[in-house]
Every structure is written in structure tokens, then in C-alpha cells.
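Take a look at the structure set out below.
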Amino acid sequence: MNEQANVQVNEQELVQYIAGRTKADPQKIRLVLKHEADYIERAHQNAKDEVEIDGDELVDYVLRQRDVQLDELTVESILDLEMDYLTEKGLAGYVD
């Protein structure tokens, strides 16, 4: 299996993980994750060193996108559950 196919399977698993806990539409979850990735990419482009992402600013950014029709609590839940999933898989963690 190539790496690209593996990433897609992981994305599908991630979306299912989030959808199962939030009952949000998988397409809306993907949209939130896409905007999150855009936000993080921009932060990396503008940074010289490590990037620190403020969760509240990220939620505000996602909510400002015209195609996002979700409330703040749902967006926060999607982003929190994404981090939970990545942490459970050993792909991410919190910095003290």
C-alpha cells in the first residue's frame, strides 16, 4: 500500500471517529479539518521557528469561513476530538 492511500484511510478513520462522537456530518467535519490545515500551513509559512497554535484563534478562523455552517461548540468538539484521535494513535501530543 502506498503512503498516499494510507493517509486517505487514516483521514477516513479520523472522520468516522469524530462523526461517531459528535454526530456531525462527515462532509462538515472534512471542511473544518481542511480549514484547520490551511490555518496551520499559513502559520508555518509566517514563522521562523516552531509554531504555537492558539485553539481559540483557530476556532475563530474556522468560524469566519463562509462555507462553515456550524456553531462554535461543534467546531471546538471536532478539533478537540481530532487531537484526541491523534494522541491515541501516538501522532501528536501536548506541550507543557
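The values are calculated or read from the model by the stated rules, or taken from the named source; none is laboratory data. The shown structure was predicted, so the numbers you read here are calculated from the model rather than taken from an experiment. Surface areas here come from the heavy atoms of the whole protein model, side chains and all, with no ligands, DNA or RNA. Shrake-Rupley method; radii C 1.70, N 1.55, O 1.52, S 1.80 Å.
Okay, residues lined up against (1) open to solvent by less than 40 Å² (accessible area, probe 1.4 Å); (2) in a helix (DSSP H, G or I):
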{"site": "ARG42", "(1), (2)": "no, yes"}
{"site": "ASP49", "(1), (2)": "no, no"}
{"site": "ILE53", "(1), (2)": "no, no"}
{"site": "LEU58", "(1), (2)": "yes, yes"}
{"site": "VAL68", "(1), (2)": "yes, no"}
{"site": "THR74", "(1), (2)": "yes, yes"}
{"site": "ASP80", "(1), (2)": "no, yes"}
{"site": "TYR85", "(1), (2)": "yes, yes"}
Tally time: how many residues in segment 62-96 are of a type in the set (Phe, Trp, Tyr) and under 12 Å from the mean Cα position of the chain (by Cα)?
1
For segment 36-51, what are the residues that are more than 15 Å from the chain's Cα centre (by Cα) and among the charged types (D, E, K, R)?
LYS48, ASP49, GLU50
